[in-house]
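Below: the structure, in structure tokens.
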Amino acid sequence: MGPPGASGTINDMVFHGLAYTATPHDRAGSLRVDPARVADLLDRDDSQVLPMWRDRPLLTADGRPVRLTGAPARTLVAAAGQTALLGLDGTTASFAADLSDVEETEALRLATAHRSADLRGLATTLPGPLAATLAYARGLLYWNRHAGYCGTCGATTASAEAGHLRICRGPDCGRQLFPRIEPAVIVLVESPDPQPRCLLARHHGADPNGFSLLAGFVEIGESLEGAVRREVGEEAGVTVGAVTYQGSQGWPFPAGLMVGFVARAVEETIAVDGRELSEARWFTRAEIVERVRNGPGSGPVDSIGGRLLRSWAGLDRPPLRHAED
């Protein structure tokens, strides 16, 4: 294996430790279909309930996410608009409870909390498993809150399978709705020269130094690799050849799945589309190292995009995998 950032064979620990990926739970899919067992778990004194308010975790006075058990947890669940089973950690069950239907002051009172907070602002200060659990809770509760009506007949839907399914109440419909994931690709494009540079772009309205990797949603009927080639071609006018998978990251903000790639450009000419991007250019490894150490950084520290860039620059492990490896 070469130094970080050089070509090398990637191992099974691809991007180990990415934010929001270390969920500690057995998701307990078989339990969800048994309402009696779920109700029993909710009633147990050792079960934990994580309250959320409009996608924001609720915190204690010393900044820790609230986790309730026993009678306080049952009181909160009774007031929640939605409760969802997150899974089991050993024999201990964890649930998420959505207090979005009440005002923030009431949510704080019910949870005996001090304040609410944006999860992304907390993520790097929390243990990985806790950040992942809160992200899971956020995404699942968000989906339930926004899937209250059937897209086929317009009737209301009812929660089922411990918050992992919604069923249309329409008498002639009964459509089942499952949580939706929105896959997106994010790609580090390398130039074709012997000492590769990487392609970064700046969106309209971004800070003058706000360059980042190219990314975009996967379209219907499109492969992940096809999405990489289309996004790079549409936004930067660059044709890429080899496209190599690197890793993925759940991104419940609100419902994403980020899939990371490295791609090799066929030529260096850039022609930005002008609609989404204001400019794009090639950066050397030395320039990326300088940005990380003394400048605007490598992008959000909680994202797979930042990890891709730092790994390419030799500042993080593992090394990136290439098609020729």
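Results for (1) touching a residue at least 24 places away in the same chain (Cβ under 8 Å); (2) of a type in the set (A, V, I, L, M), shown as yes or no for each residue.
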site	(1), (2)
Gly233	no, no
Glu268	yes, no
Arg275	no, no
Ile288	yes, yes
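Against the numbered list (1) crowded, with 18+ Cβ neighbours inside 10 Å; (2) modelled with pLDDT under 95; (3) within 30 Å of Val238 (Cα to Cα), Leu126 comes up short only at (3). Does the stretch 235-245 contain any residue that is surrounded by fewer than 17 Cβ atoms within 10 Å (Cβ to Cβ) and part of a loop (DSSP other than H, G, I, E, B)? Looking for residues that are surrounded by fewer than 17 Cβ atoms within 10 Å (Cβ to Cβ) and part of a loop (DSSP other than H, G, I, E, B), one finds at least one in the stretch 235-245, hence yes.
Selection of the stretch 73-122 for residues being among the hydrophobic types (A, V, I, L, M, F, W, C), at pLDDT 95 or above and part of a helix (DSSP H, G or I) yields Ala73, Leu76, Val77, Ala78, Ala79, Ala107, Leu108, Leu110, Leu119.
One line per residue, one yes/no per condition, for (1) of a type outside the set (Asp, Glu); (2) more than 26 Å from Arg307 (Cβ to Cβ); (3) surrounded by 13 or more Cβ atoms within 10 Å (Cβ to Cβ); (4) in the same structural domain as Pro254 (by TED's automatic domain parsing):
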| residue | (1), (2), (3), (4) |
| --- | --- |
| Gly151 | yes, yes, no, no |
| Ala160 | yes, yes, yes, no |
| Gly163 | yes, yes, yes, no |
| Gly174 | yes, yes, yes, no |
| Leu177 | yes, yes, yes, no |
| Val189 | yes, no, yes, yes |
| Asp193 | no, no, no, yes |
| Leu200 | yes, no, yes, yes |
| His204 | yes, no, no, yes |
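Screening Glu276 with (1) on the phi > 0 side of the Ramachandran plot; (2) at pLDDT below 95; (3) not hydroxyl-bearing (Ser, Thr, Tyr) gives one miss only, at (1).
The numbered conditions (1) farther than 18 Å from Asp273 by Cα; (2) in a strand (DSSP E or B) are all true for Asp193 except (2). For the stretch 103-126, the criterion of being of a type in the set (Ser, Thr, Tyr) and in contact with a Phe, Trp or Tyr (Cβ under 9 Å, 6 or more places away or on another chain) is met by at least one residue. Being free of Cβ contacts under 8 Å to residues at least 40 places away in the same chain and under 17 Å from Gly81 (Cα atoms) is a condition met by at least one residue of the stretch 107-123. Residue selection: Tyr136 satisfies the criterion of being among the aromatic types (Phe, Trp, Tyr), touching a strand residue (DSSP E or B) at 6+ places or on another chain (Cβ under 8 Å) and part of a helix (DSSP H, G or I).
The values are calculated or read from the model by the stated rules, or taken from the named source; none is laboratory data. Bear in mind that the values here come from a model prediction, so they are computed numbers and not experimental data. Using ideal geometry, Cβ is built from the backbone for each residue, glycine included, and neighbour counts are taken over all protein chains shown.
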